[in-house]
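Taking it in order: structure first as C-alpha cells, then the write-up.
Each value in this text was obtained by applying a stated rule to the coordinates, not by laboratory testing. Nothing here was measured: the structure is a model prediction, and the numbers come from that model. In this analysis, Cβ positions are derived from the backbone assuming ideal geometry, glycine residues included, and neighbour counts consider all displayed protein chains.
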Amino acid sequence: MPKILIDDREFEVKEGELLIEIMLQNGISIPHFCYHESLGKDGNCRMCMVEIEGQKRPQIACDTPVKDGMVVRTKGEKIEKTKRGILELELVNHPVDCPVCDQAGECKLQDYYMDVGLYDSRLDVPKVKAKKHIHLGSEIMLDQERCVLCKRCVRFTQIYTKTNDLIVEKRSDRSVITTFPGSRFENGYTGNVVDLCPVGALTDRDFRFKKRVWFLTRSKGICTGCSRGCNIWVDHDKNKHQDDTIYRFKPRRNDKVNGFFMCDYGRYSYKKENENRLYQALLNNQTIDIKTALKECENIFAKSVLWVADASLSLEELAYIKALSDKEEVKLVAFLDVYTDDAFEDKLLKKREKASNINAIKLLGIDIVDDTDEVLSRYEYAVLFNFQHLKEKFSLKKVINFTTTDKDIADFYLNIPIASVYEKNGTYINCDWILQKSEKIISKDIQPLTLIELLARIEKRHFDENGVWKEYLSDIKELKGLDISLVGEQGYKIEAKV
Ligand code: SF4
Ligand code: SF4
Ligand code: FES
C-alpha cells in the first residue's frame, strides 16, 4: 500500500485519496471552511494549507490527492505564518461579534483564531459593512458580515436539495450570501445549512439566544418523526431551577440511515417533548394516584375491549402489549393508514409513514386494520397505547388512554401519563429494516413511568425492556441469535420477509 508521512507520522493510504480526508480521519488538526465530507472540496477558503516536500509553495490539503512517498508538514514557522496570513484575511471584515454571537462555543473561526491566529488587528480602515439579521425564510437567520464565503450553504442547495435557493451576490469584499430577489429559503431541509455553516453567519431562529452551547449535554437519539429514523443529537440541559429540557435536535451521521442530515420537520419536533405533557393520571378529568388508575385499568382489561397500539411505540413496548393481549385474549390492532402522508415523502430522507416503528408492528404480526369503523363498532371499551389519532371516533367509547400528552384528552374516561421516547430505552425498526437502539436521555423531576413499567405493575411483576427481549423477542425468527446489547451505532439490518 502507498505510504505518506504527515508531521513525521506514517500513514498507509489509497493512491488518489484527498490529503484532507486522511488528516481528518486520523484526527490531525487541519483548519478548513469550504471542504465538508458531505459536499466535497471547493478550494475557495485556502484555510487548509500544508507544506509538501518538493513543492515551492504551500498547497491546499482539500485538493491534493496523495501519492506514495509524500511528505507533509502542518507545523513549523513557514506554514504557520501562511495560516496566520490566511486567517488574518478572513478576519479583515469580520465583526467583533463573539460575545453576542449565537455560534460562540461552536464556531470554527473562533477555534482557528485561538489555534493559529492570536494576533492584534493591523487594520486602520473601517471594516466593510453588510446586512445583519436577515430572515431568509423558515427558521434561518443570516448575518452577512459574519460570512466567510465558504459556500457550503450554497453548495448544499445545489448538491443535496437541488433547489439552488442560495447564491453569492456581488464581487470581492462586497460578496454576500443571499436568496434570489423575492424568494424565500424554504426547502424542508433548511436547518442543515446552520449545521454546515462554520461560523455564526447562519443561525437558527428557533434556538438562537435560548442557551449558550457550552451548557448543553449532547446525547444520541433517533428521530421518530417518520419511518426513516434519522440519527440525531439530542441537546438538553437541566439547570438549577428548571427540569431537564430539550433545546434542539441536530443530525448525527449514519451513512446507512440519514447520512449527515435531517429534515426540518424532524428537527423541530423536539418541541413536543417539552410541551403539553401529561404528568398526572386523570379519571373523568379528576386527578387520581397511579395505583387507583391501574386498579381501574385492571377492571376494564377484563371486559370486551379493543386495544390500539401506536406505531411509534418501541419494539419492546409493542412486543409486551402483544404478549399481554394474547394472554388476556383481547383484540389488539394497529391502524396504519392514519400515519400515511403522501405529500410528506421526497427523494431525500422523508418517508410518507409518519411513525417510527411501522415495521415493528409488521414483524410482531399485530393485526393491521383498514376498516376502522367496522372494528370500532364491535367494542364498547378501548385502550389506546399512545395512539393520538382518530380521537373523534373514540368519543362514544369508554377509553383508557396511555399517553404522553395532555392535548385533546378531556373526552377520555381515564388518562394515564407515560414516558416519552427520550425518557425510556427502546428499539425502532426503520423503513429499510434497520433496527436502532434509543437510550434514555431525559430524567425529569416528575418522571412518568414507562409503558412497560405500568403494564408490569398491572401484572404485579417487575419487568423491563431487557425482560421483554428475553421473554418475547428472542424467539422471533428474524431476531434469533441477535444480542441486542451488541447492536452499535450503525444499527442492525434485519433480514425480514414480512
Ligand atoms: S453563510 Fe456560512 S456556510 Fe454560507 S458561505 Fe457564509 S460562512 Fe459559508
Ligand atoms: S426524515 Fe423522518 S426521521 Fe428523518 S428527521 Fe425527518 S422526520 Fe425525522
Ligand atoms: S478547505 Fe481547503 S480550500 Fe477550503
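Structure notes:
- Among beta bridges from DSSP that stay inside the chain, the antiparallel ones total about 70%.
- Charge dipole (Cα centre; +1 on Lys/Arg Cβ, -1 on Asp/Glu Cβ; no other charges) of the chain amounts to roughly 1220 debye.
- Within the shell of other residues whose beta carbon sits under 14 angstrom from the beta carbon of Ala130, the net charge comes to +3, with Lys and Arg scored +1 and Asp and Glu -1.
- Across the stretch 365-471, C-alpha contacts under 8 Å between residues 6 or more apart give a mean separation that, scaled by the residue count, equals a relative contact order of 16 percent.
- Contact order relative to length of the chain, as percent, for alpha carbon pairs under 8 angstrom and 6 or more apart: 10 percent
- Approximating the spin labels as points 7 Å out from Cα along Cα→Cβ, the Asn274-to-Glu169 distance works out to 3.3 nm.
- FRET efficiency for Glu80 and Gln447, using Cβ-Cβ distance with R0 set to 60 Å, rounded to 0.05: 0.70
- The Rg/Rh ratio of the chain, with Rg taken over Cα atoms and Rh as the Kirkwood radius over Cα pairs, comes to 1.05.
- Positive dipole terminus of the stretch 215-274, leading residue within Ile222, Asn254, His236 (C-beta point charges): Asn254
- Given their separation in residues at 0.36 nm each and the Cα-Cα distance between them, Leu396 and Met1 gain 134.9 nm when the chain is fully extended.
- Contour excess over end-to-end distance, with Cα ends at Gln388 and Ser121 and 0.36 nm allotted per residue: 90.3 nm
- Over the chain: helical MRE at 222 nm, DSSP H runs n ≥ 4 each giving -39500 (n - 2.57), nearest 500: -5000 deg cm²/dmol
- Calculated FRET efficiency for the pair Arg73/Asp237, C-beta based, R₀ 41 Å, to 0.05: 0.50
- Residues of the stretch 339-362 falling in the label zone of Thr372, defined by backbone nitrogen less than 16 Å from a point 7 Å along Cα to beta-carbon, are 339-342, 353-355.
- If you take the Cα centroid of the stretch 4-20 and the Cα centroid of the stretch 201-257, the two points sit 35 Å apart.
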